[in-house]
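Asks: Below you'll find the structure I mean.
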Amino acid sequence: MTDTPRLEADLDLITRIIPHRYPFLLVDKVRDVVPGESCVGIKNVTYNEPHFTGHFPGMPVMPGVLIVEAMAQTAGVLVGLTMDLVDKNARVFFMGVDSTKFRRKVVPGDVLELHVKALRGGGRVWKFEGVAKVDGEVACESIFTAMFDVPKG
């Protein structure tokens, strides 16, 4: 545990760090940020999200790849706050997704907590461990790697 103060990012700050926008912005808030170490993203899952139209009619289930993407976006905010990337137009790219397991469905009305921990980082390439939970129950766990590209100038 570190003595670093815990930070938060609201929707405005999130959009100043990562490039994602509706309908592909999958994080509403990030809390408990310990720069360079960990954070928790919050995704309020709502019925009116476009993927629920076809996944699945009459039984809306959030696609697993979007849960992993939400964890990655949360990780992007962690790195953005750690490396002072606010308003720097940084781009984030997946490099790898490993050891991913899905444990329960995520449906409209759920509040998805995206627990992200940095395993390796400090430069352009970071590796993370993510655990997505609903009401304390694990929905998904994954190890993923991302590259951060900050435009010059």
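Asks: Heads up, I need the accessible area for residue 87: 1.4 angstrom probe, whole protein in place, Å², nearest 10.
Replies: 90 Å²
Asks: Please return the longest stretch of the chain lacking exposed loop sites, where trypsin sites (Lys or Arg not before Pro) count only if DSSP places them in a loop and at most 10 other Cβ atoms lie within 10 Å.
Replies: Counting only loop sites that pass the neighbour cut-off, the longest clear stretch is 22-151.
Asks: Can I ask one more? To make sure I understand the rule: partners must be lysines, Cα under 27 Å from the Cα of residue 105, and not fewer than 8 residues away in the same chain. Which ones qualify?
Replies: 29, 43, 117, 127, 133
Asks: Taking the Cα centre as origin and putting +1 on Lys and Arg beta-carbons and -1 on Asp and Glu beta-carbons, what dipole magnitude results for segment 27-95, to the nearest 20 debye?
Replies: That gives a dipole near 80 debye.
Asks: If you don't mind, there's one more thing I want to ask. Tell me which residues come under 5 Å, amide H to amide H, from residue 139 once H is placed; ignore anything under 5 positions away on its chain.
Replies: The answer is 132, 133, 134.
Asks: So for the pair residue 93, residue 47, with labels modelled 7 Å out along Cα→Cβ, what separation do we get in nm?
Replies: Inter-label distance under the simple model: 4.0 nm.
Asks: Another one. Could you size up the charge dipole of the chain around its Cα centre, putting +1 on the beta carbon of Lys and Arg and -1 on that of Asp and Glu, and report it in debye to the nearest 20?
Replies: That gives the chain a dipole magnitude of about 380 debye.
Asks: Also, I was wondering about something else. For the chain, report the translational diffusion coefficient in µm²/s to the nearest whole number, using Stokes-Einstein at 20 °C, 1.002 mPa s, and a Kirkwood Rh over Cα pairs.
Replies: Values: Rh = 15.5 Å.
Translational D for this selection: 138 µm²/s.
Asks: From the alpha carbon gyration tensor of segment 31-92, can you work out the equivalent ellipsoid semi-axes (sqrt of 5 times each eigenvalue) and give them in Å, largest to smallest?
Replies: 29, 12, 9
The values are calculated or read from the model by the stated rules, or taken from the named source; none is laboratory data. None of these values were measured; they are calculated from a predicted model. Neighbour counts run over all protein chains shown; Cβ positions are idealised from the backbone, glycine included. These accessible areas exclude ligands, DNA and RNA; they are computed on the full protein's heavy atoms, side chains included. Shrake-Rupley method; radii C 1.70, N 1.55, O 1.52, S 1.80 Å.
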